[in-house]
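The values are calculated or read from the model by the stated rules, or taken from the named source; none is laboratory data. This one's a predicted model, so the numbers in the text were calculated from it and none came from an experiment. FYI the Cβ positions are ideal-geometry reconstructions off the backbone, even for glycines, and counts take in every protein chain you see. The area values use the complete protein model at the heavy-atom level, side chains included, leaving out ligands, DNA and RNA. Shrake-Rupley method; radii C 1.70, N 1.55, O 1.52, S 1.80 Å.
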Amino acid sequence: MSSPRRTLDSLPLHRRAQLEATATVDTQTRLARLGIRLGAIIEATQRTPGGGRVVAVGDLRIALDRATARDLLVAELDAAAS
């Protein structure tokens, strides 16, 4: 069972979550080009100076700006599901 939805910028570091939605189709398309698709399990590994996040998706690491992190709706996964 997963937690309620929240935006990626509010996800605590080193917590896994499933990407459930994006604010716009454009954001979804840009992420898909980077290899991040809806349903992906992501983990915020670092905060950036501008308020963004570095996220891990499998072996992939991508820095997202603050606006993009706010556009991503995620469901935090329970520790038991990790």
Check your understanding: part of a strand (DSSP E or B) and open to solvent by 20 Å² or more (accessible area, probe 1.4 Å), is that true of residue 74?
Key -> no
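Name the residue, out of 74, 54, that is modelled with pLDDT of 95 or more and in contact with a helix residue (DSSP H, G or I) (Cβ under 6 Å, 6 or more places away or on another chain).
Numbers: 54 fails: in contact with a helix residue (DSSP H, G or I) (Cβ under 6 Å, 6 or more places away or on another chain).
Going through 74, 54 in turn, the sole match is 74.
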**Study point:** Total residues in region 36-61, condition part of a strand (DSSP E or B) and either surrounded by fewer than 16 Cβ atoms within 10 Å (Cβ to Cβ) or without any contact (Cβ under 8 Å) to a residue 24 or more places away in the chain (or both)
**Key:** 9
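Just checking, which of 19, 31 is of a type in the set (A, V, I, L, M, F, W, C), assigned to a strand (DSSP E or B), buried (at least 18 other Cβ atoms within 10 Å of the Cβ) and within 12 Å of the chain's Cα centre (by Cα)?
Checking each option against the conditions leaves just 19.
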